[in-house]
Amino acid sequence: MECAWGAEPPLDPLAAPLKACGRAAAELVQRADRLARSCGVPAGDAARRAAARILEHAGDPVAAAAALLGAARGRSEAPASPEALRREFGPLLAGLAEADPGGLTPPSDGEGDPRARLEAVLSAFAERPRLALLRLAYRLIELEDACDGRRGDGAALARETLAFWVPIADRLSLGGLRRRLEDLCFRLIDPTGYEALRRRIAPIQAGDDRYLAALRGHVQELLAGNGIRAEIQTRTKSLHAIRRKMLRTGKKPEEIMDRLGVRVIVETVPECYAVLGLIHTAFTPVPGTFDDYIGRPKENGYQSLHTVVIPLRELSHKPVEFQIRTRRMHLVAELGSAAHWLYKNEEPPAEEDPAARRRLGMLLEEGRLAESVAAFLERLGGGAPQPGEVAR
């Protein structure tokens, strides 16, 4: 049986993410959404939530559509046939929808040959990185459900996520998704420590917010006075990132150098370096804190200028980290290298992103060369936190 192709508008939770999409990206996801609903996929289905998270955290309308089409394909009452998917969406997107990302999990104790399992998972991701993205989106939903009390295996999910899935998100340069996963994992692994640190940070946060608001206005005036148009964002470090730095350095939260941050987003690379010069002239740079990730990008493709300064001594002596990047660099850093298609008014390509394939291919080679699966997973995760590790 094939589904009826309806024409109703998409239902929540996709409504808000779709508003941020360009016309072509929105139309692709809406077509997939209509098919999923006509096949009986309910409004609150995990696939719809996964599609929304993909748009929010990865900006990939093709992967979002694949999540919806996969749900339509899997409906036992009125499934979408493979022929219908290929006819309406093309063979590449249909093939992605017909895959089973849920079966792609890292090896665990007592599960046959762990090296063969690891190679199978990493090979699938290297060939089709969107399978990794789909799996990450579903893992995010599982963690959200665990935090909301809808499932009871939260701590185990969180440990596996930190050990395997967070590094995968990092290799795909999905900064926003990685941070969201990390904070949910912290909350699930050590709820007491999470709440203790949240309470400890709360009194500091109000002052931080006032300081950053004043600094944002000052930087806007500085750049405008020098003919540079920029988007300026402020941020405070996540609880997981603060906890990790406290453990590594032994410092108190208020002593962490990059707890506060400002992002300056401009149009061109020369403007990045011009902004850096203005920031270093107007404020006091902290020695040894400058990093040029534009000239020397990180392994995952991340590009930005980083520097820490003491900006407004009349208000505070708190250091602030500046991240200066172009708009394209910002999209890649937060949403991955496919994100620029989200805002275009042309059909996004179904082909996999070559940069993502290259990075996951390198990870596959690392797994093949590792002396053991356990050693590879230990290096990959960098050591997942244990309950009670948070400095209080």
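When ALA202 is tested against (1) more than 18 Å from ARG325 (Cβ to Cβ); (2) crowded, with 18+ Cβ neighbours inside 10 Å; (3) of a type in the set (A, V, I, L, M), exactly one condition is not met: (2).
Only a single criterion out of (1) of a type outside the set (Phe, Trp, Tyr); (2) modelled with pLDDT of 90 or more; (3) buried (at least 16 other Cβ atoms within 10 Å of the Cβ) is not satisfied by GLU366, namely (3).
Here LEU212 clears all of (1) surrounded by 15 or more Cβ atoms within 10 Å (Cβ to Cβ); (2) under 18 Å from THR326 (Cβ atoms) except the condition numbered (2).
When segment 54-98 is limited to residues that are of a type in the set (D, E, K, R) and over 28 Å from ALA333 (Cβ atoms), the one that is surrounded by the fewest Cβ atoms within 10 Å (Cβ to Cβ) turns out to be GLU77.
If you check ALA99, ALA25, ALA71, ALA52, which single one turns out to be in the same structural domain as ALA169 (by TED's automatic domain parsing), more than 24 Å from ILE168 (Cα to Cα) and of a type outside the set (Val, Ile, Thr)? Let's see the steps before the verdict.
On the way: ALA99 fails: more than 24 Å from ILE168 (Cα to Cα); ALA71 fails: more than 24 Å from ILE168 (Cα to Cα); ALA52 fails: more than 24 Å from ILE168 (Cα to Cα).
Being in the same structural domain as ALA169 (by TED's automatic domain parsing), more than 24 Å from ILE168 (Cα to Cα) and of a type outside the set (Val, Ile, Thr) holds for just one of ALA99, ALA25, ALA71, ALA52, which is ALA25.
Can you name every one of the helices (runs of 4 or more DSSP H) wholly within segment 123-201 that holds 3 or more residues which are closer than 21 Å to LYS298 by Cα and hydrophobic (A, V, I, L, M, F, W, C)? Steps first, answer last, please.
Details: elements: 129-147, 154-160, 166-171, 175-189.
Counting at least 3 such residues, we get 166-171.
Within segment 187-211, if we keep just the residues that are over 25 Å from the mean Cα position of the chain (by Cα) and basic (Lys, Arg), the residue that is modelled with the lowest pLDDT turns out to be ARG210. For segment 220-238, taking the residues that are among the aliphatic types (A, V, I, L, M) and free of Cβ contacts under 8 Å to residues at least 60 places away in the same chain, the one that is farthest from HIS330 (Cα to Cα) is identified as ALA224.
Inclusion of GLU127 among residues that are surrounded by fewer than 17 Cβ atoms within 10 Å (Cβ to Cβ), under 26 Å from VAL332 (Cβ atoms) and not small (Gly, Ala, Ser) is warranted.
For segment 353-379, enumerate the residues that are assigned to a helix (DSSP H, G or I) and acidic (Asp, Glu). Correct list: GLU365, GLU366, GLU378. Among residues of segment 254-282 being among the acidic types (Asp, Glu) and surrounded by 15 or more Cβ atoms within 10 Å (Cβ to Cβ), the one that is nearest to LEU197 (Cα to Cα) is ASP258. Applying the criterion of at least 1 residues that are among the hydroxyl-bearing types (Ser, Thr, Tyr) to the helices (runs of 4 or more DSSP H) found wholly in segment 9-104 leaves 23-38. Only a single criterion out of (1) within 28 Å of ARG179 (Cβ to Cβ); (2) crowded, with 16+ Cβ neighbours inside 10 Å is not satisfied by ARG37, namely (1).
A Cβ distance below 8 Å, combined with a sequence gap of six or more or placement on separate chains, defines the contacts here; from segment 192-212, residues that are in the same structural domain as SER316 (by TED's automatic domain parsing) and β-branched (Val, Ile, Thr) reach residues that are surrounded by fewer than 14 Cβ atoms within 10 Å (Cβ to Cβ) and part of a helix (DSSP H, G or I) in the pairs ILE204/GLU254.
The values are calculated or read from the model by the stated rules, or taken from the named source; none is laboratory data. The structure presented is a predicted model; accordingly, all values stated were derived computationally and were not measured. With ideal geometry, Cβ positions are generated from the backbone for all residues, glycine too; neighbour counts draw on all protein chains shown.
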